[in-house]
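Student: Quick one: structure below, then a few questions.
The values are calculated or read from the model by the stated rules, or taken from the named source; none is laboratory data. Note that the structure is predicted; figures quoted are calculated from it, not measured. Cβ sites come from the backbone with ideal geometry, for glycine too, and all protein chains shown count toward neighbours. Accessible surface is based on the protein model in full, side chains and every heavy atom, while ligands, DNA and RNA are left aside. Shrake-Rupley method; radii C 1.70, N 1.55, O 1.52, S 1.80 Å.
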Amino acid sequence: MVRFICPYLGGPVELTRERERHILENHPEVLPGRIELVAHTLAEPDEIRFDPKYSATRKFIRRYDELSGGKYLVVLVVSRNGPKGRHWIVTAFVSGRRPRGEVEWKRL
């Protein structure tokens, strides 16, 4: 298991082996080659959105020029038991557009 620092959530965010395997198989544009971008997105996102389908899930979003000439890395994190609870990555993917969801926080 890998743990990332996430100041916004005030605690570590876990990437379990099972979720890492999911990302490797379904989103090879993210892992293994861009794990440092996952860490950076969690540490310094451009914005955080609530997932419209899953209330306990947040989307951490950051745009990177080096991703196919300017795309977004989106990291979905589930939180249980409030801000001091457990946080883990469900998936991460690259998108050409900003994902949907109500904005919870945005970098000024």
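Student: Among 35, 22, 81, pick out the residue whose Cα is farthest towards the positive end of the charge dipole of the chain, where Lys and Arg carry +1 and Asp and Glu carry -1 on C-beta, about the Cα centre.
Tutor: About the Cα centre, the residue reaching furthest to the positive side is 81.
Student: Looking at the chain as a GNM with Cα springs under 10 Å, which of 89, 23, 61 has the largest mean-square fluctuation?
Tutor: Between 89, 23, 61, it is 23 that shows the largest mean-square fluctuation.
Student: Counting only Cα, what are the radius of gyration and maximum Cα-Cα distance Dmax of segment 1-99, in Å?
Tutor: 12.4, 38
Student: Would you mind computing, in nm to one decimal, how far apart the modelled labels at residue 106 and residue 86 are, each placed 7 Å from Cα along Cα→Cβ?
Tutor: Output for this residue pair reads 3.4 nm.
Student: Next question, about the same structure. Under the classification rounded if a/c is under 1.5, otherwise prolate if a/b is larger than b/c and oblate if not, where does segment 1-44 fall, given a ≥ b ≥ c as square roots of the Cα gyration tensor eigenvalues?
Tutor: On the way: a/c = 2.90, a/b = 1.60, b/c = 1.82.
Here segment 1-44 falls in the oblate category.
Student: Tell me the carbon and sulfur percent of the accessible area for the chain, rounded to whole percent, probe radius 1.4 Å. Before the final figure, lay out each step's value.
Tutor: Details: 3190 of 6310 Å².
With neighbouring chains kept in place, the figure for the chain is 51 percent.
Student: Please state the charge dipole magnitude for the chain, taken about the Cα centre, from unit charges on C-beta atoms (+1 on K and R, -1 on D and E), reported in debye and rounded to the nearest 20.
Tutor: On the way: 20 positive and 14 negative charges, 69 e Å.
That gives a dipole near 340 debye.
Student: Would you kindly state how much longer the chain becomes between residue 65 and residue 44 on full extension, computed as 0.36 nm times their sequence separation minus their alpha carbon distance, in nm to one decimal? If you can, show how the numbers build up before the last one.
Tutor: Numbers: separation 21, 0.36 × 21 = 7.56 nm, distance 1.54 nm.
Here the answer is 6.0 nm.
Student: Along segment 86-93, what does the Karplus equation 6.51 cos²θ - 1.76 cosθ + 1.60 (θ = phi - 60°) give for ³J(HN,Hα), rounded to whole Hz, x for Gly and Pro?
Tutor: Couplings: 8, 10, 9, 7, 8, 7, 8, 8 Hz.
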